[in-house]
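K.L.:
Got a structure here, written out as structure tokens. Questions coming.
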Amino acid sequence: MQWGFDGRPVWSAPRDLALAFTPVLAALTLMPTALLSLMGPSRQGVDLFFDVLIGMGLVWIGAHALHLWLVRRWRRAKGL
């Protein structure tokens, strides 16, 4: 769903596609980062990679939670 400046949705995708979008996008960004941590030549930077992965994962969880919250708020406003 995309919201306009007035707070009303201006476009929405089918429900299954919309709810699957955030986890798929998260997997597409987290996987290369995880693979980079395995391909590094030294072990001293591996801890930093895992810290970054944990941070990225938490941000993606927060983004998905925000998306679900916005959809719930819109549904309540519509009376659905």
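The values are calculated or read from the model by the stated rules, or taken from the named source; none is laboratory data. Predicted model only: the values in this text are computed from it and were never measured. Please note: Cβ atoms are built from the backbone with ideal geometry, for glycine as well, and neighbour counts cover all protein chains shown. Areas reflect the complete protein model, heavy atoms only, side chains present, ligands, DNA and RNA absent. Shrake-Rupley method; radii C 1.70, N 1.55, O 1.52, S 1.80 Å.
K.L.:
Cβ contacts < 8 Å: first residue within 13 Å of Thr29 (Cβ to Cβ) and small (Gly, Ala, Ser), restricted to region 48-60; second residue open to solvent by less than 100 Å² (accessible area, probe 1.4 Å) and in a helix (DSSP H, G or I), any location; separation 6+ or different chain. Result?
P.N.:
Partner pairs satisfying both residue conditions: Gly57/Ala26; Gly57/Leu30.
K.L.:
I would also like to ask the following. Given the conditions (1) surrounded by 13 or more Cβ atoms within 10 Å (Cβ to Cβ); (2) at pLDDT 80 or above, and given that Ala27 satisfies all but one, which numbered condition is not satisfied?
P.N.:
(1)
K.L.:
Continuing with this model, one more query. Might you check whether a residue that is at pLDDT below 80 and assigned to a loop (DSSP other than H, G, I, E, B) occurs anywhere in region 45-58?
P.N.:
Among the residues of region 45-58, at least one is at pLDDT below 80 and assigned to a loop (DSSP other than H, G, I, E, B), which makes the answer yes.
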